[in-house]
Amino acid sequence: MKKQAVERITKEEKKSIIECWEFFQCNEGECPAYRSEDLRCWLFPGTHCRNDIQGKFIEKLEMCLDCEVFQANEDVSAMKTTLNVINQQLKEYSRIISERDEELESMSMELAISLSEVFEALKKISSGDPTVRVPEKSKIELISKLKHIVNLTAEEIGEIVDQSHEFAIALAEHFDVLHRVSTGDLQARVEGKSQVELLESLKNVTNETIESISKEITKRKKADKSLRKAHDELEHRVEKRTAELQRLNEKLAEEIAERKKIEEALRQSEKHYRSLIETMNEGLSVVDKQSVITFVNEQFCTMTGYAQKELVGHGLSILLDKENQKILTKQWASRIKGDDTSYEITLTRKDKTRMHTIVSPSPLYDEGGVFSGAIGIFTDITDRKQAEEKLLSYQKQLRSLASELSLVEERQRRCIATELNDYIGQTLSYCKDKLDVLRQSAFTNNPKESTDEIIDLIEQTIEYTKSLTFQLGTPLLYQEGLESALKWLGYQFQKQLGLVFHFEDDQKPKPLNDETTILLYQAARELMINVSRHAKARNIYLSLQRDYKRVRIEVKDDGIGFDVSHIDPHSTRTSGFGLFTINERLKYLGGQFRVESKPGHGTRAVLIAPIKSLKKTL
């Protein structure tokens, strides 16, 4: 049974053996293990397993131990054989390594000695001794080649040094010959021969060049001789021609000087007229025959507000409204006929404001006498026009004022007559009747009652007469001055109209002539009357101050105020003194008048007049 078991195991082992070429599906026919009866492929050197050629088993040990073929085919007998192979290979490797160590030690020693010789030779060569040589025999081929290269380098450097010496000597000789040639020795030549082909060629070229220079100089000497002869002849001709040219030049210089004078005069004239055009106070415009602007001066641009480039190339219609375009069309027709009569026209500036001008035109003609355009000189008369309008307005206002003064005078006469008749006349008539009754009853028992009544009536009449006198002439103004008169006037308004009057005086002396005093009093009274009639104010403030050489009166109220832009200080009133009269008379005296007000914020009027004015009275 034991024998049967061994046979069964042996059969099972045979069944488990793997052929490597079948397992790896290998077709490497050159592999020594391919289709071999011995399946221990790991013992074959030079196998082609896995597309790689391997050496002996010890070299491919790591790969074979992990191989499935090795694990499957390794048995006890194969293991023994494998170990014997490994032992033999290890002994062989140990021997090879020992031999190689000896060989390396020998090579290291020889290499060290040889390199020392090479370095020593190179050191001598570098110090300038190219004769040095080293023995080239060596067991190491690389060292032999290195020594050979060092010897060749030394030989070549020696040759280079020899050639350098020869080049230096040859070049020195060449420079010497060239120096002699440069000093005039044209017979000098480079002598001798050289083993160096380049130096020999240089010698030949140098000698040929010197020969060529010598021939060229000889030719030039002959040419110089001929040239000097020709030069003498030419000089004679030139002297003769120069004399003629001198005469012509003098004549030409005179003509040039004359022309320069004319050109300078023209430049000065042009400069003068250009300066005149650019600095003239009037605007100047040049237009062509299509009425298109071709030039304007700076003043014209300043007058219209346009830049020069904004005007040139445009028609004059850019500056005109429809009405003034009609004027221009009519004037242009006259200009074509040669008319140069001045006319007025209104231009519209760039900012849309209007400018009144007088145009002084002048037609232009070409060389054939055909009309080609016109020049226009524009004079700004806007201020004059406004002054004329203002003068007309003043004349109208003065006529209205004269008429108003006549009416005021007549009304004052009628008022005085009425007051005298209605109150003073009736009171005196009543007193007369009472006195008649008293005379007739002189012997009655009680005359005192009638006498007291008459005295009371006379006192009332006197008081009323004083009040009427103050209204007409204000004697207090002449007796005690402007401050007292204004203070009394304010309290009269408070007493009669219920306004609360506030008075302020800086107590400084205010010397004024009669005309200024009367005017300031009348103006302040007119302003206070306006407050009482229109302001609906509760308080009225009057301050009197001196500011250096001026008197300043300020009348202020806390009334309803008004929009100052809705009044014209130059307009007249139908009654009263009038803001126009205040303004004009203060201006005449060298003073000022202004009004400040806003709706709901009261009104403030300021009167300013000079102290001791030298103006003549009206």
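The values are calculated or read from the model by the stated rules, or taken from the named source; none is laboratory data. For clarity, every value in this text was computed on a predicted model and none was experimentally measured. In case anyone asks, the SASA skips ligands and DNA or RNA and just uses the protein heavy atoms, side chains included. Shrake-Rupley method; radii C 1.70, N 1.55, O 1.52, S 1.80 Å.
A few notes on this one:
- Surface analysis of segment 218-369 yields an accessible area of 74 Å² per residue, using protein heavy atoms and a 1.4 Å probe.
- Extension gain, Arg349 to Thr153: 0.36 nm times the residue separation minus the Cα-Cα distance gives 60.5 nm.
- Over 26 Å (Cα to Cα) - which of Lys396/Lys587; Lys322/Lys350; Lys495/Lys536; Lys193/Lys221 fall in this group: Lys193/Lys221
- Over 24 Å (Cα to Cα) - which of Lys289/Lys326; Lys261/Lys309; Lys510/Lys598; Lys352/Lys385 fall in this group: Lys261/Lys309; Lys510/Lys598
- Pairs of lysine residues in segment 66-148 that meet both criteria, 8 or more places apart or on different chains and Cα atoms under 17 Å apart, total 6.
- Note on segment 101-227: Cα-only Rg and Dmax are 26.7, 97 Å.
- Remark: segment 504-545 carries 48 Å² of accessible area per residue (probe radius 1.4 Å; ligands, DNA and RNA excluded).
- Global geometry of segment 306-358, whether rounded, prolate or oblate, following the gyration tensor of its Cα atoms and the 1.5 cut on a/c: prolate
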